[in-house]
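First up is the structure itself, then whatever we jot down about it.
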Amino acid sequence: MTLGPGTRTFLVFAALVVLGALVFPSSFFYRVGTLVWINTLAVTGMVVLLGYVGLVSLGHAGFFAIGAYATALLPQYGVPSGLAMLAGAAGAALLAALIGRPILKLSGYYLAIATLGLGMLIWMVLSKEAWLTGGPDGMTVTGFSARNLLKSVGITLKTAEAWYWLCGAVATLGAVLAVNLGQSSAGRAFRAIHDSDVAAASLGVDVARAKSAAFVISAVYAAVAGALLALANGYITPDAGGFMHSVELVTMAVLGGAASVYGALVGALILTALPQVLTVFAEYEHMVLGAIMVGTMIAMRRGLVPALAGLLARRRAARRAGRLARRVS
Amino acid sequence: MTSAKLGAGLSALALLAALPAAAEIRIGASLAVTGPAAFLGDPEAKTLEMLVEAVNAEGGVNGEPLKLVLYDDGGDPNKARTFATRLIEEDEVVAVIGGTSTGATMAMSPLFGEYEIPFISLAGAVVIIDPVQDYVFKTPHTDRMACEKIFADITGRGLTKVGMISGTGGFGKSMREQCLDVAEASGVEIVADETYGPNDADMTPQLTNIANTAGVEAVVNPGFGQGPAVVTRNFAQLGLELPFYQSHGVASDSFIELAGPAAEGVRLPATPLLIPGQLADDDPQKQPVTDYIAAYEAKYGDTPSTFGGYAYDAFNIVIAAIESAGADDPAAIRDAIEATSGYAGVTGVYSFSPEDHLGLDLTAFRMLEIRDGGWAPVE
């Protein structure tokens, strides 16, 4: 029996969510697990943009922050958190669509700089408009509890566990959608653009429209991830929309392998969990992370997951060739 | 592929699970040792490390050795919350000190009520302790108190009409709002309200506006970093004769160096840490201030900062609470912290109560004047 890529992704992600819950001994592990799933979701958006279409955005933390702040602000005006989250995603999508058209005409470094500018603008608004956002000190996010949500369907869990399950479920859903998107005609158009704009256009792909669509989709991923983080933390500051966070998202995608959702998961897992492991020698944390990055870029350009998969495939092929050679001789 | 990923995940988990044995009293801290707020977090971390060493050299607390579990959150609220969870769950600390910035503190603070672990923040904002949360305390005084102290000094001189020139950075902005808020209650009137950007090189136009405002009697400059030094130099260049006030944000020797002779006569509210030699012998803060400076200079060869002083006080309040309540029950430690009364620290004399988790009054600030390139208390 062969499984479709979407089903396979669902099984792998769901199995990992369950596995985490089986081995985690305390709330702290659930907390780190939650952050891994939230980051995986945001990086899955980067996979669509960077991995499928080949566009670099250094401003995605801006969309992340839009989702987060919408979830923080709207409940203060009586909007339920779930609706606020959707509004944040819609707001990010709208902004991405408006901004995307002009700036996606740029490519390479120019696009990276334009998106960087967009991210900085969002960050500046969040830090300067203190009457609305609380400024650099940030603001409290209230009105939603994952624990109460699960309780209402008859499951009673600790707060940290409830967030883990909720974020794991959303990340799984996000990954399945991204994989299915990659298999669709839109996904094939994305890949064609990745190889060559001109060739894709000559095949009848509306390049500008496809790029804009990918930008909007990845912005929605970031916004939903941001909303989840804001709710899970109960507090949000403009740091979530800062330049370093944008870089972190790109780094996770590139480290794990931007072409697949598994790469998103591995990148998010390494860059989220490793700093917790490295606190033992905190002074060397940045050195180790830097070395991993440089090493990956030199030895495995496509990222960890594709490189390891390639290695495995080569070994299997070599073994098969060896068996064949013995049989012949 | 999947098995490689699982292996990586599991080995990371195994490393995470390497737990310390429970034989000592553990105190946790999550501070911005690196990152943009490192100039605050670094002296705080150094102070805590120094104090733990000193306590252990003298046999620990109640005969048990003390262990400091210190994490660097880089000022990121998200990391701070993860580290707070880790301190409580994995390291099983009995109390937590930290939160260099308000954001980091606010992200952590709901956890302490949930797990019933006492927490003393080292960040400035009023929101940390207002409304009061059972398990959350803080040691630094607030912007609001600095405004009140300055305004009290101004009215003490028989003046009421104040011109303000504020930085638009986080600190200046927050203090400006607090000053505007307390002006009326303090009996002063803000007649001019100018602002400048954090990197502006010349504030002469704003100062001229203030000088030309009818009836202005004193000038206050809430701000942080180099801006206040520029304002001070411009103030002297314009030959303004009005009483001039800076904030506690620039209460360090480097301000006098930056502003040069123009700083003469400037007044600002600060902790007694700047004037150890000029404190009266019967001043309750003389002993802690001289002790702290001597210990810090001996260990690091550097003068301690106000921010390190916040950590010094937080640590000593926690230790005193553990000495009286024992280290077994964090809730009992919390009660002992709240019962702290008349503890003379570096920053001020703390008396907590169920309604007040800051525990300082205006006497914690000393009004200082810059004279002959040094600090002198205003009598």
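The values are calculated or read from the model by the stated rules, or taken from the named source; none is laboratory data. These numbers come from a predicted model, not from an experiment. Note that we place each Cβ from the backbone using ideal geometry, even for glycine, and neighbour counts take in every protein chain shown. The accessibility values were calculated without ligands, DNA or RNA, using every heavy atom of the protein model including side chains. Shrake-Rupley method; radii C 1.70, N 1.55, O 1.52, S 1.80 Å.
Placing a label point 7 Å from the Cα of B:K161 along the Cα-to-Cβ line, the residues of segment B:203-237 whose backbone N sits under 14 Å from it are B:210-219.
The value of relative contact order for segment A:5-328, using C-alpha pairs under 8 Å at least six residues apart, is 33 percent. Put a dot 7 Å past the Cα of B:A185, heading toward its Cβ, do the same for B:D283, and the two dots end up 2.8 nm apart. Computed from the alpha carbon atoms alone, the convex hull of segment B:210-299 holds 119 Å³ per residue. May I ask you to find the residues of segment B:92-135 that are shielded by at least 20 Å² of accessible area once the whole protein assembly is considered instead of their isolated chain (probe 1.4 Å)? In segment B:92-135, residues shielded by partner chains: B:T102, B:G103, B:M106, B:A107, B:E114. When cysteine pairs in the protein assembly as shown are screened for C-beta atoms closer than 4.7 angstrom, the residues that find no partner are A:C167. Give me the distance between the Cα centres of segment A:116-165 and segment B:161-220, rounded to whole Å. When both Cα centres are located, 35 Å separates them. Chain A contacts chain B over a buried accessible area of about 2900 Å², both sides summed; the probe is 1.4 Å and only protein chains count. In this view, the solvent-accessible surface of B:K79, computed with a 1.4 Å probe and all protein chains in place, comes to about 80 Å².
The helix-based estimate of mean residue ellipticity at 222 nm for the protein assembly as shown, built from -39,500 (n - 2.57) per DSSP H run of four or more residues and divided by its residue count, is -19000 deg cm²/dmol to the nearest 500.
Cross-link partners of B:K149 among lysines, defined as those whose alpha carbon lies under 22 angstrom from its own and excluding same-chain residues fewer than eight positions apart: B:K138, B:K161, B:K173, B:K286.
For segment B:244-318 and segment A:264-329, what is the centre-to-centre distance using only Cα atoms, to the nearest Å? The distance from the Cα centre of segment B:244-318 to that of segment A:264-329 comes to 52 Å. Using Cβ point charges alone (K and R +1, D and E -1), the dipole size of segment A:5-328 about the Cα centre works out to roughly 1720 debye. Taking amide H as placed 1.01 Å from N in the peptide plane, B:E116 has no amide H partner under 5 Å among residues 5 or more places away or on another chain. Please give, to one decimal in nm, the separation of the simple spin-label points placed at B:E297 and B:E53, each 7 Å out from Cα toward the Cβ. For the pair B:E297/B:E53, the computed spacing is 1.7 nm.
Annotation: per residue accessible area for segment A:31-84 equals 21 Å², rounded to a whole number [probe 1.4 Å, protein chains only]. Note that chain A, at 37 °C in a medium of 0.692 mPa s, gets a Stokes-Einstein diffusion coefficient of 158 µm²/s from its Kirkwood radius over C-alpha pairs. Working from Cα pairs under 8 Å separated by at least six residues, relative contact order for segment B:238-379 is 29 percent.
For the protein assembly as shown, the residue among B:I190, A:S26, B:S254 whose Cα projects farthest onto the positive side of the dipole built from Cβ charges is A:S26. With 20 Å bins beginning at zero, the pair-distance distribution over Cα atoms of the protein assembly as shown amounts to 16, 44, 30, 8, 1, 0 %.
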